[in-house]
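Notes follow the structure.
The values are calculated or read from the model by the stated rules, or taken from the named source; none is laboratory data. Computed from a predicted structure; not experimentally measured. Here the Cβ positions follow ideal geometry from the backbone for every residue, glycine too, while neighbour counts run over all protein chains shown. Calculation scope for accessible area: heavy atoms of the full protein, side chains included, ligands and nucleic acids excluded. Shrake-Rupley method; radii C 1.70, N 1.55, O 1.52, S 1.80 Å.
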Amino acid sequence: MLKLEGVSKTYDKGKVKAVDNINLEIKSGEIFGFLGPNGAGKTTTIKMIVGLLKPDSGKITINGLDIWKEPISAKKQISYVPDTPEIYNKLKGIEYLNFISDMYDIPKGIREERMKRYLEIFKLEKAVGDLIESYSHGMKQKLVLTSALLHDPEVFILDEPMVGLDPKSSFQLKKIMRERCDEGKTVFFSTHVLEVAEKICDRLAIINNGKIIALGTMEELKSHAESSQSLENIFLELTEQ
Amino acid sequence: MRKLFSLIKTDLNMTFGLSSLSFKAKEKQERWKFILIVVVMFSLIPFYRLFVSWLLKIYTGLSMLNQEGSFMLIGILYSQLIVFILGIVHVMSKYYFSNDLNILVPAPIKSSFIIGSKFISICISQYISQLVLTLPFIIIYGIKSQLGFLFWIYSFIIFLTLPIIPLSFSSIIVMFFMKYTNIKGKKDLIRGIGYFLLIGIIVFLQLKIQSLGNNIEIGGEQYLNKLLADNSILIKNIGKSFPPSIIGTFALVRSNSFNGFLNLILFISISIGSFILLLFISEKIFFSGLIGSSEMAFKKSSLQEKTIKDSFAKSYPQYISIFLKEIKMLFRTPIYLFNSIGGVIIIPIVLVMTTIINGKGSFGAISGEIEDQTHLITLFGIGLISLLGMTNSVGCTTFSREGKNFWISRVIPVKVEHQIIGKILSSLFIQLIAIAAFIISISFIFDLTLTNILGIVFLGLLGSIPMTELGMIVDIMRPLLVWDNPQKAMKENLNVILGMVVGILYLLVIGMIVFYYITKLELNIIYFIITTIFILSSFLLFVWLKKLCISQFSNIE
């Protein structure tokens, strides 16, 4: 479904290695958590997956489509929720959703049904007629989530999605993630909230200094770690080495 | 007082980026920008020489009619009128939409201090444009009329005080405007429409004042006699549209007499008086226009079932959807609206005003000459509309304007071609407004035929395509994506100047071709040549732009 092969990225003319030879394969029906301390390379990796950053080397494929060789077809398969909801402030919520729907060629009937569904889940029905600049951070985040779900992506990629969400919306998002996986789709997300990762992820990877230092199910991670307790302990143990 | 100086210093520093300039000058990567600016300046020298030699001709013409004083008046009047009209745009963004207000307003600073410091900063930036536009008038008049030492001292003082009166007026008008349009709800819309009404009213009043009392038949024998007998008749006639300019002119023209001194004192007094009036009014009304400016009405009004149905029912092809998004953003962001549409409307209006004022005075003959060759109007119109295709700033800031939202354009599964077409369409939409403004204003001077109008509409629009593409090429090469105030993306974006230089060079080449062939070839063939150049360059630039976008979309970090 989503495959990264030998992906590397450096900054500052090769002086800083942000991502160092990453190999990952995330299968259909899987929720994959991507963990790591600040500046470990999580956002850089995600940006490379969605086509916002070009890897120096390596290959990224989505359903067999290379994001850099067949960008349009590959981008149709994914949807991306960035860590900060920077969207067109001068559009109304509904205008933004319609704009994104047009970009993904979503037929009228389908977009109507999905918009209604997600706007109701995220309690945005009452705000959708207002300009986005009047929204709070959390509302913007929910609008981005709604827009990202409209085309029913095969691979749902989220960068720190829980930041700024109220507990109820956070719960709804986790539910949506699980539902998508039950339908055979893939969810790939980065997070700092270890409890969330522990609770909902089928598999996890921990990245530190641009390298994957742990990969597997919760049980696999626990069995490899010296102190096989919580994910927090495993995380601290691995990233402090 | 220390507060005021500190405010002025900080404002100047921010406006002209002095600190960042000295910082950047030390960085190797940034140095090329300075070199670029110097190159741009040098490339404009030929135009400037043309301007100066044109002024010399005007002086000679006027002095033959014993009206050389009105030459000085033209310099002062236009300088003041330009400051006045462009001042409205400038003042509005500086007083009400600039970023530093978030810091200044909560601080314990009087509003007259804030306005005073901002006023002085605008004044100083006006001196720079005045140096280019007004100084040649002063120098030509001073040397040609062989005036003494006092003239040069007086002109230095007049030069310094010149922008104060018009800028005070535009500041006062804007402050009242903002106070009474600070209405909850559709504030942006009210201000958008109000702004254009305001400009319209001002221009209308100018024209009305002009037409008052022009009873003497221009060109008649009686008129000529009057001209020769009274060397101030044109000054009084033309200067009516902005009376302080008459006083300023008399101060200079009569610098060798006591009357000149009196006029100078009067001019300075009016300047100081208008500035004090501005400060006084600012204390009363500035904050009431400002507070809540950035507030957004949040209705939380659920969309009615019917509205939802209507909104959902809207589905467009990708490039149309991008075009609509661009237009909505342009219209809903005041700074973008004033700069793009404001620019394309003001330029034709000012141009026509100039011609009307000139026409009623000494240049009536020019309009008569053109009247016989209406194709010249069409050609001029095509050139001007094409030029506005760049100066509307829509193309050369199209990527910069996206700022932090640029990621959306890069992740959506839309071909680059469609994105480019959507953006070009948004510029062409603004150009339609430019064309309407141009045709309406020029029809005040000339009777346009259908052929004129069709030529201007079609070839003007066609010419706007390569201009927009050139602007987009400049912008995608070095997009300014990191900004926190939309002013930076459009008004303070170097790409606008770069685009203008490239655009002028492009039009200059076409202009030279037309100029060379205009007497040698049939008119229709010339139109055919222009059409071919526009279409070919549109196509080639599109291909180049597509390549650049593909590479930049994946390389920008």
| field | Separation between Cα centres of region A:1-37 and region B:454-477, rounded to whole Å | value | 43 Å
| query | Quick one: with all protein chains in place, what share of the accessible area of region B:316-557 is carbon or sulfur, to the nearest percent (1.4 Å probe)? | reply | 73 percent
| note | Between A:GLU70 and B:VAL482, the two model label points (7 Å from Cα along the beta-carbon direction) sit apart by a distance in nm of 3.7 nm
| request: State in Å² the accessible area per residue of region B:236-275; use a 1.4 Å probe, count heavy atoms of protein chains only, and round to the nearest integer. | output: 40 Å²
| remark: The FRET efficiency for B:ILE124 and A:SER28, from their Cβ-Cβ distance with R0 = 51 Å and rounded to 0.05, is 0.20
| task | Would you mind estimating how fast region A:1-102 diffuses translationally, via Stokes-Einstein at 4 °C and 1.567 mPa s with the Kirkwood radius over Cα pairs, in µm²/s? | result | 85 µm²/s
| Across peptide A:83-96, how many C-beta atoms of other chains are within 10 Å of each residue C-beta, on average? | 5
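Of the heavy-atom accessible surface of region B:34-176 (probe 1.4 angstrom), what whole percent is carbon and sulfur?
On region B:34-176, the fraction of accessible area on carbon and sulfur atoms equals 79 percent.
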| remark: In this structure, among B:LYS94/B:LYS547; A:LYS76/A:LYS108; A:LYS15/A:LYS199; A:LYS17/B:LYS491, pairs with alpha-carbon gaps over 27 Å are B:LYS94/B:LYS547; A:LYS15/A:LYS199; A:LYS17/B:LYS491
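Nearest 0.05, what FRET efficiency do B:ASN225 and B:THR451 give at R0 = 45 Å with Cβ-Cβ as r?
After rounding, the FRET efficiency stands at 0.65.
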| task | Starting from the Cα of B:LYS236, step 7 Å along the direction of its Cβ; do the same at B:LEU4; then give the gap between the two resulting points in nm. | result | 3.8 nm
| Nearest 100 Å², what total accessible surface is buried between chain B and chain A (probe 1.4 Å)? | 4000 Å²
| Among the aspartates and glutamates, which fall within straight-line cross-link reach of B:LYS314, defined as a Cα-Cα distance under 19 Å, with same-chain neighbours fewer than 8 residues apart omitted? | A:GLU95, A:ASP102, A:ASP105, A:GLU112, A:GLU113, A:GLU125, A:ASP130, B:GLU305, B:GLU326
| note | Packing-ranked peptide list from A:184-195, B:258-269, B:441-452, highest mean Cβ count within 10 angstrom first, is A:184-195, B:258-269, B:441-452
| remark: Mean accessible area per residue over region A:2-239 (1.4 angstrom probe, all protein chains present, square angstrom) is 39 Å²
| said: I'd like the Karplus ³J(HN,Hα) series for region A:73-84: coefficients 6.51, -1.76, 1.60, θ = phi - 60°, whole numbers in Hz, and an x wherever there's a Gly or Pro. | reply: 5, 5, 5, 5, 7, 10, 9, 10, 10, x, 6, 10
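Could you sort the peptides B:426-439, B:95-108, B:510-523, B:385-398 by per-residue average Cβ neighbour count (10 Å cutoff), highest mean leading?
Per-residue Cβ counts within 10 Å, averaged per peptide and sorted highest first, yield B:385-398, B:426-439, B:95-108, B:510-523.
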| request: Please work out the Cα center distance from region A:86-154 to region B:159-180, rounded to the nearest Å. | output: 43 Å
| message | Ranking request for peptides B:454-460, A:91-97, A:108-114: highest mean number of other beta-carbon atoms within 10 Å first, then the rest in descending order. | response | A:91-97, B:454-460, A:108-114
| said: I'd like the Karplus ³J(HN,Hα) series for region A:14-31: coefficients 6.51, -1.76, 1.60, θ = phi - 60°, whole numbers in Hz, and an x wherever there's a Gly or Pro. | reply: x, 6, 10, 8, 7, 9, 10, 6, 8, 10, 9, 9, 10, 8, 4, x, 10, 9
| said: How much of the DSSP bridge set in the protein assembly as shown is antiparallel, in percent, rounded to the nearest 5? | reply: 55 percent
| said: Taking each residue in B:321-330, count the Cβ atoms of any other chain within 10 Å of its Cβ, then average. What number comes out? | reply: 4
| request: Take every residue in peptide A:65-78, count the Cβ atoms of other chains within 10 Å of its Cβ, and give the average of those counts. | output: 2
| query | Which whole-angstrom value gives the distance between the alpha carbon centres of region B:103-123 and region B:519-552? | reply | 48 Å
